[in-house]
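So the structure is just underneath, and the comments pick up after that.
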Amino acid sequence: MWLNSSASPFLLTGFPGLEKAHHWLSIPLLVVYVSILLGNGALLFLIRADHNLHEPVYSFLAMLAATDLGVTLTTMPTVLGVLWLNHREIGHRACFSQAYFIHMLSIVESGVLLAMAYDRFIAICNPLRYTSVLTNTRVLKIGMGVLIRAGLSIMPIILRLPWFPYCRSHVLSHAFCLHQDVIKVACANVTFNRLYPVVVVFAMVLVDVLLIFFSYIAILKTVTGIASGGGRAKALSTCVSHICCLLVFYVAVVGLTFIHRFGRHAPRVVHVTMSYVCFLFPPFMNPVIYSIKTKQIQSGIIRFFSLPRSRASL
């Protein structure tokens, strides 16, 4: 039974204090939104269409692109609705569903980045077993495991939200629903919902970071054992794109966490802006990073655009 089906809807917030500039602020956000859709969509299409990219490393990259698309498609429609149309109301079901997918996909992204680190670990530390270890079946199992882990870990706090009475102000702090915003307006004991996310962060995201860190220590030890300088450079070059994506994602997450925990006296617009940076910057940058830093992706783009010409010449 949905206990709050008749309760007043929540009200989303744009940029506090800058309401008159919402239409102007929507322009760069729209550009970023379209760029994310085109960049990640093109990356998925290229990996699917080019048989030279049917390798485990690009399967994980496809998972990353799909996750980035999911985060963006989950958040941006309500953001643009607030900024363009001042459509601030959102029902409880829609709000809780949006919060679930936002938080779930964030954990998925961390898990995919860990899977990509595992891929680089096998490729550099045990290259002769790369194809036997990372088979298509195992890659699929890893992807499903990452998705199931994230989905189940977030479910306990989201399933409790419909049972809370919401008698305080229904105004949320962002233009999309976040779990931490919803429980602030609940008139109930939300201790579990406050503590459980901390446990999830330490049990999953922090563990992911530590495993990634140790995998790169092993990679560096292996690389330093390579005799030729060219061989070392070539081995490390295969990790550059992944390292850049790691920095983009985790620096954004740490920045948002730092602002929420220690920037209580900062203007609210700063908190809102950091949330947009956290959810939009990684999906925007990841396709750019892999397009610039990965020669195989560059070659795939060239092959794709040169194919129609070769057919026309025939």
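Any read-out appearing in this document is the output of simple, stated calculations on the displayed coordinates, not a laboratory observation. Owing to the predicted nature of the structure, the values given are computational and were not obtained by experimental measurement. Reconstructed Cβ throughout: ideal geometry from the backbone, glycine too, with neighbour counts over all protein chains shown.
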Order of Thr191, Thr67 under a 10 Å beta carbon neighbour criterion, fewest first: Thr191, Thr67
Least to most buried among Val190, Val288 (fewest other Cβ within 10 Å first): Val288, Val190
Zero-based 5 Å bins, Cα pair distances in segment 1-114, whole percents: 2, 10, 16, 16, 17, 14, 10, 7, 4, 2, 0
Built amide H within the under 5 Å cut-off of Glu89, gap 5+: Leu12
Per-pair calculated FRET efficiency, R0 = 41 Å: Leu159 and Ala42 via Cβ, rounded to 0.05: 0.65
Alpha carbon Rg of the chain, scaled by the compact-globule rule 2.2 N^0.38 Å: 1.11
Rounded Å value of the spacing that divides the Cα centres of segment 15-82 and segment 101-117: 15 Å
Least to most buried among Asp50, Asp119, Asp68, Asp208 (fewest other Cβ within 10 Å first): Asp50, Asp208, Asp119, Asp68
Alpha carbon centroid spacing (whole Å) that separates segment 268-294 from segment 152-194: 26 Å
Under 5 Å, built H, 5+ apart or other chain: amide partners of Val171: Leu11
